[in-house]
Amino acid sequence: MHSPEEKIIIALVKHFKTLRLQQGLSHSKLATLAGITRPAISQIESGKRTPTIIVCLKIAHALGERLGEVIARCEREIYKSTP
């Protein structure tokens, strides 16, 4: 069972992947835009690696998002469904 905080990270990563796909970006293109490696993007999306706050900021900005706003949306969703 995941803690609410872990669920937020999972939701955040899922959101990033959805945006990446909607924008038609490959792992390589997003990695270039974010200034991180392609394997890092792949590992984060597959759940093999937990992104740091710095990496989340880089990915969010590369996707045209503000990290704080994305986290707030994820928190609302998670805490809305948590008893």
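Quick note: the coordinates plus some simple rules give every number you see, no bench work behind them. These numbers come from a predicted model, not from an experiment. Note that we place each Cβ from the backbone using ideal geometry, even for glycine, and neighbour counts take in every protein chain shown.
Given Ala31, Ala40, which one is touching a Ser or Thr at 6+ places or on another chain (Cβ under 6 Å) and assigned to a helix (DSSP H, G or I)?
Details: Ala40 fails: touching a Ser or Thr at 6+ places or on another chain (Cβ under 6 Å).
Sole residue among the options that is touching a Ser or Thr at 6+ places or on another chain (Cβ under 6 Å) and assigned to a helix (DSSP H, G or I): Ala31.
Go through the range 10-33 and count every residue that is buried (at least 17 other Cβ atoms within 10 Å of the Cβ), closer than 18 Å to Thr50 by Cα and touching a His at 6+ places or on another chain (Cβ under 9 Å).
Residues that pass the stated criteria total 1.
Just the residues that are surrounded by fewer than 15 Cβ atoms within 10 Å (Cβ to Cβ), free of Cβ contacts under 8 Å to residues at least 40 places away in the same chain and within 25 Å of Ser3 (Cβ to Cβ), please, taken from the range 59-83.
Matches in the range 59-83: Arg66, Gly68, Glu69, Ala72, Arg76, Lys80, Ser81, Pro83.
Which one is nearest to Lys17 (Cα to Cα) among residues in the range 47-56 that are part of a helix (DSSP H, G or I) and under 11 Å from the mean Cα position of the chain (by Cα)? Reasoning before the result, please.
Taking the range 47-56 as the starting set, the residues that turn out to be part of a helix (DSSP H, G or I) are 53-56.
Of the ones still in play, those that are also under 11 Å from the mean Cα position of the chain (by Cα) are 53, 55-56.
Details: Ile53: 16, Val55: 14, Cys56: 12 Å.
Once the filter is applied, the top-ranked residue is Cys56.
Looking only at the range 44-58, which residues are surrounded by 15 or more Cβ atoms within 10 Å (Cβ to Cβ) and either out of contact with any Leu (no Cβ under 7 Å at 6 or more places or on another chain) or under 16 Å from Glu5 (Cβ atoms) (or both)? Steps first, answer last, please.
Kept after step one, since they are surrounded by 15 or more Cβ atoms within 10 Å (Cβ to Cβ), are these residues of the range 44-58: 44-45, 49, 51, 55-58.
Ile44, Glu45, Arg49, Pro51, Val55, Cys56, Lys58 - these are the residues of the range 44-58 that are surrounded by 15 or more Cβ atoms within 10 Å (Cβ to Cβ) and either out of contact with any Leu (no Cβ under 7 Å at 6 or more places or on another chain) or under 16 Å from Glu5 (Cβ atoms) (or both).
Are there any pairs with C-beta distances below 9 angstrom linking a residue in the range 1-29 that is touching a residue at least 24 places away in the same chain (Cβ under 8 Å) and more than 20 Å from Arg66 (Cβ to Cβ) to a residue that is among the polar types (S, T, N, Q) and outside any helix (DSSP H, G or I), with the two at least 6 apart or on different chains, and if so which?
Final answer for the pair search is Pro4/Thr82; Lys7/Thr82.
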